[in-house]
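Remarks on the structure that follows.
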Amino acid sequence: MLRALLVSAVAAFALLAWRERVPDVEIRYAPRTTQAGRIFPGFALGSGFACENDGLHAVDVAFAPIGGDPQPLEFELRQGAPDGPVVRSARVEAAAIPASDDWVRFEFEPLTSSAGQRFWFSVAAPERTAHTPWTRYRGIPYVVRQWGDRAIDGPVIEGELLPAPPRPRTDLHHADLHTLAFAMNYMHPQAGEARLVLFDGVSGEELRRATIGPGLPCDTGWAFFRFEKLGPTRWRSLKYRVELPTGASLIGNADGPSIVAFHGGSQVPEEVLGLTCGGQVLEQRDLVFRAWSSNEGSALLARLSTRGGRTILFAAILWFLALLVAARLLGRPQEADA
Amino acid sequence: MGAGGESQEKRKQADKPAELRGTAVTAPQKRKEPAAEAPGDRRRTTRLVLLAALLHGLAYLFAVAPWMGEDEPWHLEYATHVAHLHQPWGGKPAMYGANVPIDERTLWATSQLQMRRRMAGVTEEELDARQREILQSMAEHDYYRRVDWAGAVQDRSDFDQIEPFFTASSQPAGYYVVLGLWLYPVRNASIDTQLAWARALSLLVYLATVWVALELARCAFSDRSLVIAATLAFAWFPMNARLGAVVNNDVLARALGAVVLMLCARRLSGDESRRTLALAIGAVAFGLLVKSTVMSLAGVLYVTIALGATTPTKRRGLALVTVGGAALLAGVLWLWHTQHSPVLPRNLTAFLERLERGASPATFRELWHTFVGGFNWYSRELPERTYTIAAVVAGLAGLSAFSALFHTRRGVSRRVLALCFALIALQVGLVVLRGEGQGRYLMPAMAAIAIVFAAGLLAPLSGFRRPAGLRLFATLLFVYDAIFLWGGLVPNEYLLWGS
């Protein structure tokens, strides 16, 4: 019995040790594929979320270095709406931003009654940043071509999405294509629109059109062209034409531009509310972030109870009983007792 | 001569099966000899082991959330089609290429075409409906919040949208025939019920395997403490217990591994009955129809038969087994080839690439991490120091047990221990050949690993210290299990969700 209690105490300690490690909300996105690009002055990037617990006190945003001089980052937390009242702010100096792909933490005075509230945060910079936040686009991603090593200049870039063969692996594996993301080198917010036109690869018929901007800058990031869902796209041949505004170029390699195709549904959990760029809400994507609220053991157990319910309780009881029975094997043999 | 004769006698004693040695053959010296199991204690031990394993297995059955077993959707999909009496052979290949009216790959997901190629008579609509049913259940049970690489999008229409290149359809049919028959009574129930039913079979197989592991330990050791240590090491090893709570063909592969090893150990310990041999051959043959990772068992069985071929008649039998075994192996390889098994490399270049990948430190790291503890489809791990500590303990146990092959340890059968080492080496070799380091691929050798742990950590102790050693060993094992379950599995599956 003593052994079982001792081991159970270890189990309880191991479980409660998680109270410091469980964020309130977290975009868990691995491997990270698409980044938003540099933050432009006046075009702060942010995200919205609904908080589960009281005591909201920090937000971490995933950043990756992409070259240049680091800039300080200004953080604002607004309540209720993207343009709601600022309830907290924080600043991270340039020297404190990690030199590698890592979280940047924005800490602030805890909000005592944050449970059930909606918050929107934004990260701004006085100059174009040397770091990019990661984004998660809502769709089933399929990497057609990885981030490349060269610029492909415009103003019009055309290409094909092809099955295998001739490709070693088909460019379009899934049905229900709704977004094509292109790696973008430099698209200034005032430069005008970027356009994508999709054609059938065989008949040449125009199938879809999509535009981005103006007012949505993208530098060393992925530009997402979203259009009405195109159903039959498995192993299909499509042609595309990208029209770029002045100064912008795509990134790719010798085979063509870097592209990620997004297919299928886009329903994600309700607690994430979408990305903001300069005040515009872009519901189909989120920044990769995590928000930290209460680290009380009771909040942890409440979450366990909500999500695990009775099955976890049964598991705990059975596990303890198993320990008790197993411990009986460790005593002296029955005959020796006699 | 005298010393040599004594040493030989000790070896003979140690190598006898547990039933034939112990108190009756070598009377234990008080407080120095290890305690053997008396018949009454033996029955009590068996009952307690099975009860403890049942409770432990049930705890994992409740704790592991639906669809948290690696590849569970694909395995269950396969078995449910068998439960609807579709034969897992003779399906319809996909049409594509230059001279076909339509490229079927444009119409159906690759995973559906692969399953159609396997299952006779199944329609595309049936395949689509089953995948959608499973995907809906996965979304309802928050699968996408738990598995980091799967993404958070919840509305998906086919398995390709989880991972484009996964399939269970290229696996041998043995496990799915067993599971399909088990699911037959509930084949029209909800997919959640079928999942629960399938997991219940895994629990039963786990229990049976624990019993086999206990019998194997009795062949390997005449000391009660070592027997219990090995059995607990098997039953309480967390990733092994967790495997008893998920749907996977590794469940059956592990059971067959334990069975064949136990039968071989019995044969090495003097049981030369034809029944034992026939059972072992049958288990190996069935194993080759279950999963390629049990190929190692054929090697262990062959070594066992070869070691016993001491008379001209037995040598002739060995020649027969060699020819028959080679023919069986060729047949199985051909079968795997016809079933598009990814186990077989396409050409020499692919084989060499695979070998290089399999022997790389990254593969061994992954193998170790997913053997000691990996969660949420291996997308999350225990703290790094846990793997380091486990590696140190395993290294010490392995070295100590290896030394027992050359130095007499009371109550330890060196021949059985050598057989266990042989199986482990073969199993690791298969991982290298396959080029993929996943801990569950070691599971056919799990019973052997448990024997090595017990022999390595407890056998060096003198007889009267072993019960105390067992208590410490078991306590540390329980603590490991506690950290795994309550500090790893439960927090990762229920507390840390992606949004």
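Every condition in (1) over 19 Å from B:Arg415 (Cβ atoms); (2) assigned to a loop (DSSP other than H, G, I, E, B) holds for B:Ala253 except the one numbered (2). Quick one: in region A:114-139, of everything that is touching an Asp or Glu at 6+ places or on another chain (Cβ under 6 Å) and more than 21 Å from A:Gly84 (Cβ to Cβ), which residue is surrounded by the most Cβ atoms within 10 Å (Cβ to Cβ)? The qualifying residue surrounded by the most Cβ atoms within 10 Å (Cβ to Cβ) is A:Arg136. Only one entry in B:Tyr494, B:Tyr441 is among the hydroxyl-bearing types (Ser, Thr, Tyr) and within 12 Å of chain A (Cβ to nearest Cβ), namely B:Tyr494. Residues in region A:239-275 that are out of contact with any Pro (no Cβ under 8 Å at 6 or more places or on another chain) and of a type in the set (Ser, Thr, Tyr): A:Tyr240, A:Ser249, A:Ser258, A:Ser266. Report, by residue number, each residue of region A:313-329 that is buried (at least 19 other Cβ atoms within 10 Å of the Cβ), at the interface with chain B (Cβ under 7 Å from one of its Cβ atoms) and part of a helix (DSSP H, G or I). Matches in region A:313-329: A:Ala315, A:Leu318, A:Trp319, A:Ala322, A:Leu323, A:Val325, A:Ala326. Among residues that are touching a residue at least 60 places away in the same chain (Cβ under 8 Å) and buried (at least 24 other Cβ atoms within 10 Å of the Cβ), A:Gly42 is not included.
Number of residues in region A:166-176 that are exposed (fewer than 14 other Cβ atoms within 10 Å of the Cβ) and either among the polar types (S, T, N, Q) or more than 10 Å from chain B (Cβ to nearest Cβ) (or both): the value is 2. Across region B:143-153, a minimum of one residue is classified as in contact (Cβ under 8 Å) with a residue 60 or more places away in the chain, part of a helix (DSSP H, G or I), surrounded by fewer than 18 Cβ atoms within 10 Å (Cβ to Cβ) and within 13 Å of chain A (Cβ to nearest Cβ). Residues in region A:177-209 that are farther than 29 Å from B:Thr110 by Cβ and aliphatic (A, V, I, L, M) were compared, and the one that is surrounded by the fewest Cβ atoms within 10 Å (Cβ to Cβ) is A:Ala191. In this structure, A:Ser294 qualifies as modelled with pLDDT under 95, away from every other protein chain (no Cβ under 12 Å) and not in a helix (DSSP H, G or I).
Of all the numbered requirements in (1) part of a helix (DSSP H, G or I); (2) over 21 Å from the mean Cα position of the chain (by Cα), B:Thr363 misses one, and that requirement is (2).
Residue-by-condition table, conditions (1) surrounded by fewer than 16 Cβ atoms within 10 Å (Cβ to Cβ); (2) under 17 Å from the mean Cα position of the chain (by Cα):
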site: A:Leu5; (1), (2): yes, no
site: A:Pro31; (1), (2): yes, yes
site: A:Thr34; (1), (2): no, yes
site: A:Glu52; (1), (2): no, no
site: A:Leu56; (1), (2): no, no
site: A:Glu74; (1), (2): no, no
site: A:Ser89; (1), (2): yes, no
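Restricting the first member to region B:473-499 and to residues that are part of a helix (DSSP H, G or I), and the second to residues that are of a type in the set (Ser, Thr, Tyr) and surrounded by fewer than 24 Cβ atoms within 10 Å (Cβ to Cβ), the beta-carbon pairs closer than 8 Å and six or more apart or on different chains are B:Ala482/A:Ser8; B:Ile483/B:Thr386. Surrounded by fewer than 18 Cβ atoms within 10 Å (Cβ to Cβ), in a helix (DSSP H, G or I) and assigned by TED's automatic domain parsing to the domain that holds B:Thr209: is that true of B:Leu320 in this structure? Yes. Take the conditions of a type in the set (D, E, K, R), within 30 Å of B:Thr110 (Cα to Cα), under 26 Å from the mean Cα position of the chain (by Cα) and surrounded by fewer than 24 Cβ atoms within 10 Å (Cβ to Cβ) and apply them to B:Arg130. Does it pass? So B:Arg130 does not fit the description; no.
Beta carbons closer than 8 Å, at least 6 apart along the sequence or on distinct chains, pair a first residue in region B:319-333 that is within 13 Å of B:Met295 (Cβ to Cβ) with a second that is modelled with pLDDT under 85 and surrounded by 12 or more Cβ atoms within 10 Å (Cβ to Cβ) for B:Leu333/B:Leu344.
Limited to region B:326-349, what total is found for residues that are farther than 18 Å from B:Gly429 by Cβ and either basic (Lys, Arg) or in a helix (DSSP H, G or I) (or both)? Going through region B:326-349 one residue at a time, the tally reaches 12. All conditions but one from (1) within 16 Å of the chain's Cα centre (by Cα); (2) surrounded by fewer than 18 Cβ atoms within 10 Å (Cβ to Cβ); (3) not small (Gly, Ala, Ser) apply to A:Ile27; the one that does not is (2).
Table: residues versus (1) away from chain A (no Cβ under 14 Å); (2) in a helix (DSSP H, G or I); (3) small (Gly, Ala, Ser); (4) farther than 26 Å from B:Leu405 by Cβ.
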| residue | (1), (2), (3), (4) |
| --- | --- |
| B:Tyr176 | yes, yes, no, yes |
| B:Leu181 | yes, yes, no, yes |
| B:Ser202 | yes, yes, yes, yes |
| B:Leu214 | no, yes, no, no |
| B:Ser225 | no, yes, yes, no |
| B:Ala233 | no, yes, yes, no |
| B:Ala258 | yes, yes, yes, no |
| B:Ala278 | yes, yes, yes, yes |
| B:Val290 | yes, no, no, yes |
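When region B:457-479 is filtered for residues that are surrounded by 20 or more Cβ atoms within 10 Å (Cβ to Cβ) and among the charged types (D, E, K, R), only B:Arg466 remains. Of the helices (runs of 4 or more DSSP H) entirely within region B:34-119, those holding at least 2 residues that are within 8 Å of another protein chain (Cβ to nearest Cβ) and buried (at least 20 other Cβ atoms within 10 Å of the Cβ) occupy B:39-63.
Does B:Trp368 count as within 19 Å of B:Met239 (Cα to Cα), in a loop (DSSP other than H, G, I, E, B) and assigned by TED's automatic domain parsing to the domain that holds B:Ala229?
No: the conditions fail for B:Trp368.
Sort out which residues of region A:238-270 are within 14 Å of another protein chain (Cβ to nearest Cβ), at pLDDT 95 or above and either surrounded by fewer than 22 Cβ atoms within 10 Å (Cβ to Cβ) or over 22 Å from B:Asp103 (Cα atoms) (or both), and write them in order of number. Matches in region A:238-270: A:Val260, A:Phe262. Could you please find all residues in region B:129-142 being within 11 Å of chain A (Cβ to nearest Cβ) and of a type in the set (Asp, Glu)? Hit for region B:129-142 is B:Asp142, nothing else. With respect to the conditions (1) more than 8 Å from every other protein chain (Cβ to nearest Cβ); (2) part of a helix (DSSP H, G or I), B:Pro460 lacks only one, and its number is (2).
For the criterion of being under 26 Å from B:Val246 (Cβ atoms), surrounded by fewer than 22 Cβ atoms within 10 Å (Cβ to Cβ) and within 14 Å of chain A (Cβ to nearest Cβ), B:Arg365 fails. Filtering region A:1-30 down to residues that are among the basic types (Lys, Arg) and at the interface with chain B (Cβ under 7 Å from one of its Cβ atoms), which residue is nearest to A:Ala62 (Cα to Cα)? Residue satisfying both the conditions and the ranking: A:Arg28. Checked against (1) under 27 Å from B:Gly287 (Cα atoms); (2) part of a loop (DSSP other than H, G, I, E, B); (3) away from chain A (no Cβ under 12 Å), B:Phe165 passes all but a single condition, namely (3).
The values are calculated or read from the model by the stated rules, or taken from the named source; none is laboratory data. All values reported here derive from a predicted model rather than from experimental measurement. For neighbour counting, all protein chains shown are included, and Cβ atoms are generated from backbone atoms with ideal geometry for every residue, glycine included.
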